[in-house]
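Peer 1: One structure is given below, represented as structure tokens, and several questions about it will come after.
The values are calculated or read from the model by the stated rules, or taken from the named source; none is laboratory data. Values in this document were obtained by computation on a predicted structure and should not be read as measured data. Note that each Cβ is placed from the backbone with ideal geometry, even for glycine, and that neighbours are counted across all protein chains shown.
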Amino acid sequence: MLERAFPLAGQVALVTGASRGIGRATALRLSQAGATLVLAARTEPSLQEVAEHIRSFGREALVVPTDVADPRQLEALVTTIQQQFRRLDLLVNNAGGGSPRTLIHKARPAEWEWTLRVNLWATMTLTQLVLPMMIERRAGAIVNIGSVAGMTGKAGEAAYAAAKFGVRGFTQALFEEVRDYGIKVALICPGYVDTAMIPPNRRLEREKMLAPEDVAEAVYQVATSSPRSCPLEILLQPQHNPFRT
Ligand SMILES: NC(=O)c1ccc[n+]([C@@H]2O[C@H](COP(=O)([O-])OP(=O)(O)OC[C@H]3O[C@@H](n4cnc5c(N)ncnc54)[C@H](OP(=O)(O)O)[C@@H]3O)[C@@H](O)[C@H]2O)c1
């Protein structure tokens, strides 16, 4: 009975970019299902607010302020998890975002580097760091947050598209490498989600966009899917077109 109400009880989940938006909603959803949460992002006060929320309904939450672009901070994050919990059941590589829309011939290399580093490189590196823990226990799940922008390239979004296409390729390769260890691997590709990442735009009807909770629900579904199956790619679109016609 308890297992059905709290299917993730006893499990430890790490969510990057947990300070707001999709990551925050995902952390709350997983903790409602019983998981202990490790919350990583750069903005400590926001992480503390999410942790307090989680503790208010009786679950454990650990805040580890982390810039995912920094390899030493990623190593320190994983060391902290090893020391505190000696296990990691679920990694959600969610931290990310894009730079303002820029045409390729006008883009600044530093912006490309940031976009690729936070969305792609950090996903690859953090996955590499946690994998030994999962392989040893022959269990775990890794959920990467991609984007519809990682399935079709659009003008002005070259670096973001390259990063999210990269995340898709990485996810597919990762699945092939670890599937026989019983480790689930999934890519969730949302369309427009109503978060701070999407700036105000008069052409967009925000109430028609996905809510962060919709993406969180998809992560929860991956985490609780049957051990026999793996929802390797989930394309999540708003039901109604959020662009005014
Ligand atoms: N919103 C959309 O329409 C949409 C659609 C498809 C995919 N996505 C993807 O969904 C993910 C979450 O985005 P969101 O919409 O929830 O945007 P958001 O509200 O802007 O949240 C982005 C999160 O990433 C964290 N982050 C950014 N840079 C970081 C860094 N260097 N180190 C650690 N954390 C960092 C931010 O935390 P701090 O600033 O506190 O570090 C924040 O928690 C991203 O990967 C994004 O590409 C979004």
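Peer 1: Do you know which of the residues in region 11-38 that are in contact (Cβ under 8 Å) with a residue 40 or more places away in the chain and part of a strand (DSSP E or B) is nearest to the ligand (Cβ to nearest atom)?
Peer 2: THR16
Peer 1: Can you tell me how many residues within region 190-223 are part of a loop (DSSP other than H, G, I, E, B) and either under 16 Å from the mean Cα position of the chain (by Cα) or within 10 Å of the ligand (Cβ to nearest atom) (or both)?
Peer 2: As a first pass, look at region 190-223 and keep what is part of a loop (DSSP other than H, G, I, E, B): 191-192, 194-203, 205, 209, 211.
Applying the additional criterion that residues be either under 16 Å from the mean Cα position of the chain (by Cα) or within 10 Å of the ligand (Cβ to nearest atom) (or both) yields 191-192, 194-198, 209, 211.
Here the count works out to 9.
Peer 1: Any residue in region 204-232 that's modelled with pLDDT of 95 or more: show its pairings with residues that are in a helix (DSSP H, G or I) and away from the ligand (no atom under 16 Å from the Cβ) at Cβ separation under 9 Å, as long as the two are six or more apart or on different chains.
Peer 2: TYR220/GLN32; CYS230/PHE175; CYS230/ARG179; PRO231/GLN221; LEU232/GLN172; LEU232/PHE175
Peer 1: I want to confirm something. Restricting to region 152-168 and keeping residues that are away from the ligand (no atom under 14 Å from the Cβ) and in contact (Cβ under 8 Å) with a residue 40 or more places away in the chain, which single residue is surrounded by the most Cβ atoms within 10 Å (Cβ to Cβ)?
Peer 2: ALA158
Peer 1: Starting from residues that are part of a loop (DSSP other than H, G, I, E, B) and within 15 Å of the chain's Cα centre (by Cα), keep the ones in region 90-122 and report whichever is surrounded by the fewest Cβ atoms within 10 Å (Cβ to Cβ).
Peer 2: GLY97
Peer 1: Just to be sure I understand, how many residues within region 150-188 are in a helix (DSSP H, G or I), of a type in the set (A, V, I, L, M) and closer than 17 Å to VAL219 by Cα?
Peer 2: 1
Peer 1: Still on this structure, I have one more. Look through region 52-72, keep the residues that are within 13 Å of the ligand (Cβ to nearest atom) and of a type in the set (A, V, I, L, M), and return whichever of them is farthest from ALA13 (Cα to Cα).
Peer 2: ALA69
Peer 1: Take the residues in region 188-245 that are touching a Phe, Trp or Tyr at 6+ places or on another chain (Cβ under 8 Å) and of a type in the set (D, E, K, R), then tell me which one is nearest to ALA27 (Cα to Cα).
Peer 2: GLU205
Peer 1: Now, a different point. Could you list all residues from region 169-182 that are touching a residue at least 60 places away in the same chain (Cβ under 8 Å) and surrounded by 15 or more Cβ atoms within 10 Å (Cβ to Cβ)?
Peer 2: Across region 169-182, the qualifying residue is only THR171.
Peer 1: Being within 12 Å of the ligand (Cβ to nearest atom), of a type in the set (A, V, I, L, M) and free of Cβ contacts under 8 Å to residues at least 40 places away in the same chain is the filter here; which residues of region 39-51 pass it?
Peer 2: Selection gives LEU39, LEU47, VAL50.
Peer 1: Right, here's the next one. Among the aromatic types (Phe, Trp, Tyr) and surrounded by fewer than 18 Cβ atoms within 10 Å (Cβ to Cβ), is that true of TYR192?
Peer 2: Criteria not met by TYR192.
Peer 1: Find the residue count for region 224-244, including only residues that are closer than 18 Å to CYS189 by Cβ and either in contact with a Pro (Cβ under 7 Å, 6 or more places away or on another chain) or among the small types (Gly, Ala, Ser) (or both).
Peer 2: 2
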